[in-house]
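Just below is one structure, and these are the notes that go with it.
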Amino acid sequence: MTLIYRWLVGLASILCLSMAQGQSTDTNCPLATKSIAIDAGSISYLQGGQGPSILLLHGLFGQKGQWMDMACALANQGFNVIVPDLPGYGQSTAYPIAIYQLESQVTTLQRFMRSVSGKPFHIAGNSMGGAIASLYANQYPQEIKSLAFIGAPLGIIAWGDQVRDSIYQGVNPFIPIDQAQLDLEMDLLFAKPPVISDDIKTQLLQEYRNNNRHYQQVWNIVNFYGNTLNRLPNQSLPTCILWGEHDEIFSISGLSILKKKFPHSQSHRLANAGHLVMLEQPVKISDLYTSFLKNSQ
C-alpha cells in the first residue's frame, strides 16, 4: 500500500491560500503536471520554466503542491523547475514499503532525474527532503550544482521539545487522530497556523485514522535517520540555508551545527516563520533562493 495522502491535496491548497499573507498567487505559472514510470512505480511531478534545472523535495507526509507558489516564482525567474511527489508519497504510487528508506529515495530520484533532466542541477529540500537532498549530493556530487535547505532539515538536530514531549505521552503529532492532536500538529509546523474549517479537519483526521498503520510504518522507517547529516562528511557545495526562527520541529539552535557541516554556506534566520517556510513566506523565500542561485552559477 502506498501513501496517497488525499488530504494533503486539499490541505496544500488551504495552506497556499492561508499563508500567502496578502500576496497574490501567480496566475501565469508555467508548471504542468506530468508522470513517468520509474522502477516499480510511477512518479508524479510538476515541471516548468526554462534554464538551469532545480529539483525541489518535500518533507515527510508532504507532497509536491506544497511548493507551488515558490516553484512558479522560480520558473518565471528563468529556471527549469522539477517538483516530484517523492516515491510512495502523493500521486507517486505502486512502490513497496522499502522505498521509504532515504537511500532508496535517492536511488529512485537519481533515475528519475536522468530521465527528466539529464544534466547537473540544483537540489533543495524541506525537512526530510533536505536530508534526501544532502544524501543525493553526497552520493552523486558530479550531478549537483548547489544544495539548499528550505527550512530546517531532518538529520542535524534532535526533534524539538514539544515533539518529544508529545511522543513520550503517547501522541505522535505527525499522525493525529483527534482535533486536539491536529491543532498541535499545525502549531508545531507554523509560526501562525492557518485557519482550517471543521469539515476539512474531519476529512484530514479520517484519512489519518483509515491509514494509521501505514503512517506509523513510514514514521518508524524515517525516524531511523535522525542523525543522518551528522554522519556525512562535510560538503563543499555552495549551500543555502533558510531556517525559521519559530520552528518547533527542529529548533533554530541547530543552525550553527548545520553551518559547520556545510562550510560553503550562506544562511538566513527567518523571523515569523516556522517549519514550512515555503508556505508561510513564499515570496521572500523565492527571492532569497533566486539570489543565491544566480550568485552560485
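The values are calculated or read from the model by the stated rules, or taken from the named source; none is laboratory data. Nothing here was measured: the structure is a model prediction, and the numbers come from that model. Every residue, glycine among them, receives a Cβ derived from its backbone with ideal geometry; neighbour counts consider all protein chains shown.
Kindly list the number of the only condition in (1) in contact (Cβ under 8 Å) with a residue 60 or more places away in the chain; (2) within 19 Å of Ala133 (Cα to Cα) that fails for His214.
Failing condition for His214: (2).
For (1) buried (at least 24 other Cβ atoms within 10 Å of the Cβ); (2) not β-branched (Val, Ile, Thr), each residue gets a yes or a no:
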residue: Gly78; (1), (2): no, yes
residue: Asp85; (1), (2): yes, yes
residue: Gly90; (1), (2): yes, yes
residue: Thr107; (1), (2): no, no
residue: Ala124; (1), (2): yes, yes
residue: Gly130; (1), (2): yes, yes
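Testing Ile99 on (1) touching a Pro at 6+ places or on another chain (Cβ under 8 Å); (2) of a type outside the set (Lys, Arg); (3) not in a helix (DSSP H, G or I), one condition comes back false. Which one is that?
Unmet for Ile99, out of (1) touching a Pro at 6+ places or on another chain (Cβ under 8 Å); (2) of a type outside the set (Lys, Arg); (3) not in a helix (DSSP H, G or I): (3).
Whether any residue in the stretch 59-82 is part of a strand (DSSP E or B), within 15 Å of the chain's Cα centre (by Cα) and modelled with pLDDT of 95 or more is what I want to check.
yes
Residue by residue through the stretch 15-38, note down the ones that are in a loop (DSSP other than H, G, I, E, B), surrounded by fewer than 14 Cβ atoms within 10 Å (Cβ to Cβ) and either at pLDDT 95 or above or within 21 Å of the chain's Cα centre (by Cα) (or both).
Gln21, Thr25
Give the stretch 266-285 a look and list any residue that's crowded, with 20+ Cβ neighbours inside 10 Å and in contact with a helix residue (DSSP H, G or I) (Cβ under 7 Å, 6 or more places away or on another chain), or say none.
Listed by number, the residues that qualify are Leu270, Ala273, Gly274, His275, Leu276, Val277, Met278, Leu279, Pro282, Ile285.
Those residues that are over 16 Å from the mean Cα position of the chain (by Cα) and within 15 Å of Ile167 (Cα to Cα), I need them from the stretch 216-228; list them, please.
Gln216, Asn220
Could you list, in sequence order, the residues of the stretch 176-205 that are of a type outside the set (Gly, Ala, Ser) and either in contact with a His (Cβ under 9 Å, 6 or more places away or on another chain) or in contact (Cβ under 8 Å) with a residue 40 or more places away in the chain (or both)?
Once the filter is applied, which keeps residues that are of a type outside the set (Gly, Ala, Ser) and either in contact with a His (Cβ under 9 Å, 6 or more places away or on another chain) or in contact (Cβ under 8 Å) with a residue 40 or more places away in the chain (or both), the stretch 176-205 yields Asp187, Leu188, Leu189, Phe190, Lys192, Pro194, Val195, Ile196, Ile200, Gln203, Leu204.
Kindly indicate the residue of the stretch 147-206 that is surrounded by fewer than 19 Cβ atoms within 10 Å (Cβ to Cβ) and of a type in the set (Asp, Glu) and also nearest to the chain's Cα centre (by Cα) among those meeting that condition.
Filtering first and then ranking leaves Asp187.
When you go through (1) over 18 Å from Cys240 (Cβ atoms); (2) touching a residue at least 24 places away in the same chain (Cβ under 8 Å) one by one for Gly151, which number turns out not to apply?
Going through (1) over 18 Å from Cys240 (Cβ atoms); (2) touching a residue at least 24 places away in the same chain (Cβ under 8 Å) one by one, Gly151 breaks only (1).
A quick yes/no check of all residues on (1) in contact with an Asp or Glu (Cβ under 8 Å, 6 or more places away or on another chain); (2) of a type in the set (Phe, Trp, Tyr); (3) within 20 Å of Gly62 (Cα to Cα):
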residue	(1), (2), (3)
Leu255	no, no, no
Asn272	yes, no, no
His275	yes, no, yes
Lys294	no, no, no
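Could you pull out every one of the helices (runs of 4 or more DSSP H) wholly within the stretch 174-274 that has 1 or more residues that are more than 27 Å from Ile99 (Cα to Cα) and modelled with pLDDT of 95 or more?
The helices (runs of 4 or more DSSP H) meeting that bar are 179-189, 255-261.
Got a sec? Which of Gly48, Gly41, Gly118 is modelled with pLDDT under 95 and surrounded by fewer than 23 Cβ atoms within 10 Å (Cβ to Cβ)?
Details: Gly48 fails: modelled with pLDDT under 95; Gly41 fails: modelled with pLDDT under 95.
Exactly one residue qualifies, and that residue is Gly118.
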